[in-house]
Ligand SMILES: [Fe+2]
Ligand SMILES: [Fe+2]
């Protein structure tokens, strides 16, 4: 049975080539396809298209009409699948397929010639190579990346509706000032937590799209945190408080870290992990409902950021246990670099006490002080537990936890 297609009134200036191309694709190379049509000059258009595509085309008169016989060209050697009839796929690259039996398999190293193409796509020869600095699986991957992205996508919240901005409260001036100071400090930490993944995001080969997605949504999370903390600062008409040299010096060391894994360790495992404790503290002890709601929502997001840091570092260390020494050195040298700074500024520390105290009586301040001491212990123990989960022994974990920046992040 001769394969036949009738393109009716459709011209090659209106899409007829799509029908012919797909009819040809269904044939074996060398097989013939009969084409009939009625659009003005469809014969000339078809002949021109066949010349451009490299197919043979001959016309014969059958009764009242012309019929074209096309012969599908042989696929060029080495053409990738999906080639249809086109010679343009000669030498095309298939992205990421070390093992064709695994259609979505990850490459150990992503090729610059894959560029921006979807993982698994066939890339036409001659496409521009695009250099991404982070192109090795081991330096970026984490087993839970896809899962953490899915969780994050499902857990996005709208700052306008998720927080009851109109909740009635009035705080003593001194307590409101303390809340504003703590949030001012937190905003600059959130900015660092946005900038660090954003910088790596632009250097990450898109082949590792699950990691790309995690970093992208993490950046969006941090933008939302900056937004809601800023709104709370201004809720009662205040301006932001103080930003200190020591705080910014600590954060700058995170921005200056060029290695993705080391940066994930310092920022997410140690810094954001410590921030989760701070956010839980604010959720429990903040003196107003708006700050408590903000802290609860931000803590949920931060827990995911920590989880990605943990899954990435677990994979990296499983590949290369020697990398643990590099992480320990990074904590030590960061501590050395920051030894001349005062660490957590006194304003923030005192503001935390006041915020937890809720007033300036002796009893209230004493109680606030105890709560902040407990917070410091929770932070240190949390860091130590995460370090132990990454395979540091108890002494090393305790020591590294104690060397962590006094700025918390
Ligand atoms: Fe955040
Ligand atoms: Fe974060």
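Structure data summary
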{"read-out": "Which numbered condition residue 279 misses (of (1) within 16 Å of ligand 2 (Cβ to nearest atom); (2) within 27 Å of residue 341 (Cβ to Cβ); (3) in contact (Cβ under 8 Å) with a residue 24 or more places away in the chain)", "value": "(3)"}
{"read-out": "Yes/no for residue 62 being surrounded by fewer than 15 Cβ atoms within 10 Å (Cβ to Cβ) and either modelled with pLDDT of 90 or more or farther than 30 Å from residue 114 by Cβ (or both)", "value": "yes"}
{"read-out": "Members of the range 198-213 that are assigned to a helix (DSSP H, G or I) and either touching a residue at least 24 places away in the same chain (Cβ under 8 Å) or under 8 Å from the mean Cα position of the chain (by Cα) (or both)", "value": "199, 200, 201, 209, 210, 211, 212, 213"}
{"read-out": "Lone qualifier among 247, 237 - being away from ligand 2 (no atom under 16 Å from the Cβ) and modelled with pLDDT under 95", "value": "247"}
{"read-out": "Entirely in the range 311-409, the helices (runs of 4 or more DSSP H) that have 2 or more residues that are surrounded by fewer than 14 Cβ atoms within 10 Å (Cβ to Cβ)", "value": "323-338, 362-389, 394-403"}
{"read-out": "Residues that are within 11 Å of residue 383 (Cα to Cα) and touching a residue at least 60 places away in the same chain (Cβ under 8 Å), drawn from the range 267-276", "value": "269, 270, 271, 272, 273, 274, 275, 276"}
{"read-out": "Options 338, 360, 355, 327; residue that is in the same structural domain as residue 243 (by TED's automatic domain parsing), under 19 Å from residue 277 (Cα atoms) and in contact (Cβ under 8 Å) with a residue 60 or more places away in the chain", "value": "355"}
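The values are calculated or read from the model by the stated rules, or taken from the named source; none is laboratory data. These numbers come from a predicted model, not from an experiment. Glycine also receives a Cβ, built like all others from the backbone with ideal geometry; neighbour counts cover every protein chain displayed.
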